[in-house]
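The values are calculated or read from the model by the stated rules, or taken from the named source; none is laboratory data. Just so it is clear, the model here is predicted, and its values are computed rather than measured. Positions of Cβ are backbone-derived with ideal geometry, glycine not excepted, and every protein chain shown enters the neighbour counts. These accessible areas exclude ligands, DNA and RNA; they are computed on the full protein's heavy atoms, side chains included. Shrake-Rupley method; radii C 1.70, N 1.55, O 1.52, S 1.80 Å.
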Amino acid sequence: MRAYRGEILSVSHDPAGAGDAAVIHQPDGLLVVEDGLVLARGAFADLAPRFAPHFVNAPIEPLRGLIVPGFIDTHVHYPQTDRIAAHGAQLLEWLDRHIFPAEAAFADRAHADSVAAFFLDELLRNGTTSALVFATVREGSVDALFEAALARNMRVISGKILMDRGPDFLRDSLASGRAETEALIARWRGRGRLGYAVTPRFALTSSDAQLADAGAILAAHPDILMQTHLAENRGECAAVAARFTDARDYLDVYDRFGLVGSRSVFAHGIYLGDRAMARMTQAGAGVAICPTSNFFLGSGCFDMAQAEAAGLKLGLGTDVGAGTSFSLLHTMGAAYAACQMRGHSLDPFRALHLATTGGARLLGIGDRVGSLAEGQEADFIVLDEQATPLLARRTAGASLAERLFTLQILGDDRAVARTYIAGTLAHRRSHSSIGQETG
Ligand code: GUN
Ligand code: ZN
């Protein structure tokens, strides 16, 4: 058993609906962890009489900083790590010019292993403890990621990309796509904290037969997710409309192949009408909002107000390599800016909800992680408001809401002092004032 004393904050429900009751905050809190799970969490004064006797030999560890649940990245591409900041193009040209050649290199397993290790360490440095991740069309690229995630005990969900209409150097076939997907599900099911997501890249890179196959695989395995891209870019939407002339809209393309359900996670969803929003909500599907990617590729801005009116399930994604940061703190700040572009003001507690509990619910792991509730897995991070002189200056004497918002606007990996995975320290930032003090 271990116990940590410090300021603890989580947002267990969307404050847009639940109001202030959604924000759970102990200015002087205690987090008690046993066997990787949260045994108790509450005000120190309330819990100390019960737990202090357990900590005679191993004292309660004080953590200076703001303890929050580990962040959940609901959409990211690990094989694109080395193509972050690729200059000069919008989505379809960017894929052709920068991304497809980079993903082809993952036929080499040693390359996949080395990128997977760097990628997961980068997530930990940024306070991300769970993620839904695209691999590549190569089966071995999924093995590389899962092996590295298993070694770090991280909650990672991923899948082999299905793309039988991809470029000739980066495509599978109907038969190989299905066989490799089934083999990966069988090989990795039930191991560590891993999960599988059937992963058709997007409507344009799969045949009708392969999209139907993806729907069949999803239906056959009740424990897996489905991830894909949806309505990200105007040129993409026009190409989809030109190919699928019978579909009511882009979402309907996926719907016709059995890909719209409660285990479906769609990245972007910028160009959707009310019908598609309502249909997603009815089906229990949700959207991974990826604002840094949307700015970088010039894709557009997700309409949070429209999604809120529809009652849609939402999370945040970095979408690296189109995204420009692995930091969910920075992504929350970008989400704020994207909402501003739509005339909407994103509340900082709602942003934290999206990056934690909201993301967890979107990935179907809301019972396990995201809010540091008793019984949940003890994935948490410590945020350092002294990480830079400007952060320290702007947060001094500020309210909780202001401090949180400042961390979202000014913060990034520098503000993540510590990352704990299932109660075990997995990253400690060197030179952090917090790290040195608690040694
Ligand atoms: N649409 C299809 N593939 C991709 C991808 O790799 N990144 C992004 N941002 N959009 C996509
Ligand atoms: Zn993406």
Discussion item. Could you derive backbone 3J(HN,Hα) for the stretch 312-328 from the dihedral phi with the Karplus parameters 6.51, -1.76 and 1.60 (θ = phi - 60°), listing whole Hz in sequence and x where the residue is Gly or Pro?
Written reply: 6, 6, 9, x, 10, x, 7, 6, 4, x, 6, x, 10, 7, 7, 7, 6
Worksheet item: Counting only protein heavy atoms and using a 1.4 Å probe, what share of the accessible area of the stretch 63-172 belongs to carbon plus sulfur, as a whole percent?
Response: 50
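Compute the convex hull volume of the Cα atoms of the chain, divide it by the residue count, and report the result per residue in Å³ as a whole number.
Values: hull volume 59.1 nm³, N = 439.
Here the figure is 135 Å³ per residue.
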Worksheet item: Considering only protein heavy atoms and a 1.4 Å probe, what is the carbon-and-sulfur percentage of the accessible area of the stretch 303-353?
Response: 51
Item to complete: Find, among the trypsin sites (Lys or Arg not before Pro) in the stretch 209-260, those assigned to loop by DSSP (not H, G, I, E, B) with at most 14 other beta-carbon atoms within 10 angstrom.
Response: Arg248
Worksheet item: Looking at the stretch 169-212, which chymotrypsin sites (Phe, Trp or Tyr not before Pro) are in a loop (DSSP not H, G, I, E or B) and have at most 16 other Cβ atoms within 10 Å?
Response: Phe169
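Leaving out ligands and nucleic acids, and using a 1.4 Å probe, what accessible area per residue does the chain come to in Å²? Don't jump to the answer; show the numbers that get you there.
On the way: 15730 Å² over 439 residues.
Counting only protein heavy atoms, the per-residue value for the chain is 36 Å².
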Item to complete: Specify the angular offset, from 0 to 90 degrees and rounded to the nearest 10, of the alpha carbon long axis of helix 234-243 from the longest principal axis of the alpha carbons in the chain.
Response: 40
Worksheet item: Summing -39500 (n - 2.57) over the DSSP H runs of n ≥ 4 in the chain and dividing by its residue number, what mean residue ellipticity at 222 nm do you reach, to the nearest 500 deg cm²/dmol?
Response: -10500 deg cm²/dmol
Fill in: Shape parameters for the stretch 269-324, alpha-carbon atoms, Rg then Dmax in Å
11.4, 32
Worksheet item: Cα convex hull of the stretch 112-268: mean projected area in nm², to one decimal?
Response: 9.3
Worksheet item: Using Cα pairs under 8 angstrom and six or more residues apart, how large is the relative contact order of the chain, in percent?
Response: 19
Worksheet item: Any idea what the relative contact order of the stretch 190-271 is, in percent, if you count C-alpha pairs under 8 Å spaced at least 6 apart?
Response: 37
Discussion item. Between helix 400-410 and the chain, what is the angle of the helix's C-alpha long axis to the longest principal axis, kept within 0 to 90° and rounded to the nearest 10?
Written reply: 50
Worksheet item: How big is the antiparallel share of DSSP beta bridges in the chain, given as a percent to the nearest 5?
Response: 45
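May I ask you to derive the relative contact order of the stretch 44-133, considering only C-alpha pairs under 8 Å and at least 6 residues apart, and to give it as an integer percent?
Values: 50 pairs, mean separation 41.5, N = 90.
Worked out over the stretch 44-133, it gives 46 percent.
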